[in-house]
1. Check off (1) of a type in the set (Val, Ile, Thr); (2) touching a residue at least 60 places away in the same chain (Cβ under 8 Å); (3) under 15 Å from residue 212 (Cα atoms) for residue 243 and give me the number that stays unchecked.
2. Return the residues of region 26-72 that are touching a residue at least 12 places away in the same chain (Cβ under 8 Å) and either more than 29 Å from the chain's Cα centre (by Cα) or farther than 27 Å from residue 165 by Cα (or both); say none if nothing qualifies.
3. For residues that are surrounded by fewer than 16 Cβ atoms within 10 Å (Cβ to Cβ) and without any contact (Cβ under 8 Å) to a residue 60 or more places away in the chain, scanning just region 297-318, find the one that is farthest from residue 197 (Cα to Cα).
4. Sort through 118, 180, 154 and tell me the only one that's in contact (Cβ under 8 Å) with a residue 24 or more places away in the chain and among the hydrophobic types (A, V, I, L, M, F, W, C).
5. Can you tell me which residue is surrounded by the fewest Cβ atoms within 10 Å (Cβ to Cβ) among those in region 156-167 that are over 14 Å from residue 334 (Cβ atoms) and of a type outside the set (Ser, Thr, Tyr)?
6. Those residues that are among the hydroxyl-bearing types (Ser, Thr, Tyr) and either under 22 Å from the mean Cα position of the chain (by Cα) or closer than 15 Å to residue 166 by Cα (or both), I need them from region 95-118; list them, please.
7. Among the strands (runs of 3 or more DSSP E) lying completely within region 77-180, list those that include at least 1 residues that are modelled with pLDDT of 90 or more and in contact with a helix residue (DSSP H, G or I) (Cβ under 7 Å, 6 or more places away or on another chain).
8. For region 1-43, give me the residue count where each residue is closer than 12 Å to residue 314 by Cα and touching a helix residue (DSSP H, G or I) at 6+ places or on another chain (Cβ under 8 Å).
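The values are calculated or read from the model by the stated rules, or taken from the named source; none is laboratory data. Just so you know, these numbers come straight off a predicted model, no measurement behind them. Cβ placement follows ideal geometry from the backbone for every residue including glycine, while neighbour counts extend to all protein chains displayed.
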Amino acid sequence: MPSSTVTLLINGQAHSNWERYSIDSNLMIAADAFDVSLSQNRAPLPDYLREGAAVLVQIDGQTVMTGFVDDVDDGITRTDTPLAIRGRDKVGQMVDCSAPIFSSRQIALDEVAAKVAAPFGITKVRIANKKKFERVAVEPGETAWDMLERAAEANGLFPWLEPDGTLVVGGADYSQPIAAHVYLNTDGSGGNIESINRSRTINGRYSEVVILGQSHGTETEDGEPSILGKATDASLGLWRPKIMLDSEAQDRGMALSQARKLLADGRLEGYALRVVVQGHYTEFGKLWTPGMRVQIDVDRLGIHDVHFLMGRTFRRDRASGTTTELLLKEDGVWTIDALPHSKKHPRGKIKTKQGKELEIIDLTQ
């Protein structure tokens, strides 16, 4: 396996040999982040190593983050000269700063992404869907990321930044092959898992979600809510209904998307595996990357399923050495509306890779 050497490229100069580091990437968190430090920084800091400097974070020459330095902490004690550098990818600036003010009708999603991202140095954009909007307007004080996320979710999509600085608006690819296998056996044959923790909760999960749209009133009658869409999750095994009024859901397509999203979001938050493995590479020599599909086998917990890698954290410290923490979710649940589905079938089922079902029902048919 490679050496897992972490390098910061700043102003064309490479900085490595860090005693401790943490490099996060999570599809559910807007900006990826890094934090590196060492205690014996004998050389004086160069002028270019400052807050706001552009940085590439690399592992063994492979770029894992394109962003900026947020913080530089350095000092002097009687025994050492500590240095710590923290930063985020380019999305960090979009999270912090307000969106450019514009208003337009019938503007495509790729145009929204380009208008919002370009001022922050993000020039490469890839969109999975180019649906037109009736109107996209910026609310005063809204951040650039909030606006982009709102526009993406209107299409059932989700934005994230790839390591090379490409902004992607899309969804998970559940058709890709399994990228890794992590396991822990109880029969004495060992495994490659250092530790594993499973979290399950019913909070935020529902057996069904119903979206009501507001019908228009007349001179003689008041407007009344009408059922536009319903999504159910039979796997919950408990009656937990959720009814919501959405004045913007003016047709069944919008209502169904909203119902599906709320149901899937609750299911996504209701289950997580946190697995720690040694090193930063899979058994096939690939760096762990969010979006991978991973086979998990843990006899004692009864887990023998494919999971979706939502996030990972590369770490190094004196206590644990070089490790990677994996955040894994159910396969086939995140951004389900990013996948193509036929409008000719108002009633249908989506199966996860484990065979679990989310049932979608359009009550207007």
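1. Only one criterion in (1) of a type in the set (Val, Ile, Thr); (2) touching a residue at least 60 places away in the same chain (Cβ under 8 Å); (3) under 15 Å from residue 212 (Cα atoms) is unmet by residue 243, namely (2).
2. Matches in region 26-72: 38, 39, 40, 41, 42, 45, 46, 48, 49.
3. In this case the residue turns out to be 304.
4. 180
5. The extreme case among them is 164.
6. Within region 95-118, just 98 meets the criteria.
7. Once the strands (runs of 3 or more DSSP E) in region 77-180 are filtered for at least 1 residues that are modelled with pLDDT of 90 or more and in contact with a helix residue (DSSP H, G or I) (Cβ under 7 Å, 6 or more places away or on another chain), what remains is 125-127, 158-161, 167-170.
8. Total satisfying the criteria: 2.
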